[in-house]
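**Q** Got a structure for you, written out below as structure tokens; questions coming shortly.
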Amino acid sequence: MDAEGIVTLAMDEWKAGIDAHDPDRVAAVFTQDAVFQGLRPYGVGRAVVSAYYDSQPSGMTVSYRVLESRTLAADAVIGYVRATFEFVDQDSLDLNVGVALTRVGDEWLVAQYQASRV
């Protein structure tokens, strides 16, 4: 699988967890020690990721598209994504998201995630 396919595979599961408002499903896409920077100060680990998405409003969904992806090594891929978060009662929010993924066994997991406003 190429870099874009790997990023898409992980981000599709990230999206599915967000759309279902299942923060543990979202967190499962990340490594145990992932560095996570949403729109609040950064944190480390799946518990931080789960808490972040648990705090998001019910009904929030996301769509995304991969803008760039690169293979850095046999077990390391990076991606740059444009994500649009939709809400029930507020305007949508566009974010740029950078991810670094690493192979853990047979899975590709997000080891670093950084979001910024467009």
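**Q** Please list, in chain and number order, the residues 5+ apart from T31 or on another chain whose amide H is under 5 Å from its amide H, with Hs placed from the backbone.
**A** Amide H neighbours of T31: V110, A111.
**Q** Can you compute the modelled spin-label distance between D106 and T84, with each label point 7 Å from Cα toward Cβ, in nm?
**A** 3.6
**Q** Okay, next question. Mind giving me the nanometre distance, one decimal, between the label points for S58 and S92, set 7 Å out from Cα along Cα→Cβ?
**A** Each label point is offset 7 Å from its Cα along the Cβ direction, giving 2.4 nm.
**Q** For the chain, modelled as a Gaussian network with Cα springs under 10 Å, which listed residue fluctuates most, Y52, Y80, Y42?
**A** Comparing Y52, Y80, Y42 in the GNM, the peak value goes to Y42.
**Q** What residues from the stretch 96-118 fall in the zone where the backbone N is under 19 Å from a label point 7 Å along the Cα-to-C-beta line of A73?
**A** Label zone hits: 99-113.
**Q** Can you match semi-axes √(5λ) of the Cα gyration tensor in Å to one of these, (1) 22, 16, 12; (2) 18, 17, 15; (3) 69, 12, 10, based on a calculation from the structure here?
**A** Derived directly from the coordinates: (1).
Rule-based calculations on the coordinates, nothing more; no lab input. Values in this document were obtained by computation on a predicted structure and should not be read as measured data. Heads up, the Cβs are rebuilt from the backbone with ideal geometry, glycines too, and the neighbour counts pull from every protein chain shown.
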